[in-house]
1. For segment 34-44, check the following and say yes or no: at least one residue is within 26 Å of H158 (Cα to Cα) and in a strand (DSSP E or B).
2. If you take the residues of segment 171-183 that are in a loop (DSSP other than H, G, I, E, B) and in contact with a Ser or Thr (Cβ under 8 Å, 6 or more places away or on another chain), which of them is farthest from F116 (Cα to Cα)?
3. Given the condition polar (S, T, N, Q), over 20 Å from A85 (Cα atoms) and out of contact with any Gly (no Cβ under 6 Å at 6 or more places or on another chain), answer yes or no: does some residue in segment 135-146 qualify?
4. Out of the residues in segment 88-124 that are in a loop (DSSP other than H, G, I, E, B) and of a type in the set (D, E), which is modelled with the highest pLDDT?
5. Quick one: is V47 more than 14 Å from the chain's Cα centre (by Cα), surrounded by 16 or more Cβ atoms within 10 Å (Cβ to Cβ), part of a strand (DSSP E or B) and not acidic (D, E)?
6. Take segment 130-170 and flag every residue that is under 16 Å from the mean Cα position of the chain (by Cα), assigned to a loop (DSSP other than H, G, I, E, B) and surrounded by 12 or more Cβ atoms within 10 Å (Cβ to Cβ).
7. Of all residues in segment 64-85, which are surrounded by 12 or more Cβ atoms within 10 Å (Cβ to Cβ) and either basic (K, R) or over 21 Å from H174 (Cα atoms) (or both)?
8. Just to be sure, is I150 out of contact with any helix residue (DSSP H, G or I) (no Cβ under 8 Å at 6 or more places or on another chain), at pLDDT below 95 and of a type in the set (V, I, T)?
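The values are calculated or read from the model by the stated rules, or taken from the named source; none is laboratory data. All values reported here derive from a predicted model rather than from experimental measurement. As a convention, Cβ positions derive from the backbone with ideal geometry for all residues, glycine included, and neighbour counts pool all protein chains shown.
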Amino acid sequence: MRKPLFVAMFVIFFTNVTRPMRFLPNFRRRTYSIVNFLNTSERIWTVQTSRPGNTTCQYDHVRRINPRFVLFNRTLMQGRTRYSARLRGEFFEDHKNEEYVTALDFRPMFRAKLIFAGENNVCGVMKLGSMTGAPTTYYELQVRNSSLEIILYRRCWHHFCNVARHSRGVYNPHCQHLIRLGI
């Protein structure tokens, strides 16, 4: 009785040892396409940011996009003052999720990396690095205008909370009213 049990255990042990053992699932990082994320005629709102400051109602509006670059307007409020700038983002062929953003006169502004995108690109989490002054890194949760209901960008919200230790709100429904007024 002991001998067959010992043989069975011996066979099971050695046949299992020769198979590759995996204790953790094999995860591959997904690379999201920043071109696909930005390729919309809708406003893309910054809903949350980890960057300190008093910026509110910030959105990007794409004017022209192709596989090499994007031209867009960035509009935001600081206090009661509205600012708008025309910016140019250059895409990288070997880094599909990144863009290098400059002013139209090619002054460097920041580098953006899309680290997460929701289904159908309704929302995304950006990692941004300033290229002016002291180097800083911060995160933004960006959402397309048609998807501003929290239920539509819940997965992006969770991903943003995992990477941003502290954050503050940038968007609120009053921002839509300010745009209609042209402020």
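1. yes
2. N172
3. Scanning segment 135-146, I find at least one residue that is polar (S, T, N, Q), over 20 Å from A85 (Cα atoms) and out of contact with any Gly (no Cβ under 6 Å at 6 or more places or on another chain), so the answer is yes.
4. Result: D105.
5. no
6. The answer is L148, A164, S167, V170.
7. I65, F69, V70, L71, F72, R74, R82, A85
8. Taking the combined requirement at face value, the residue does not satisfy it.
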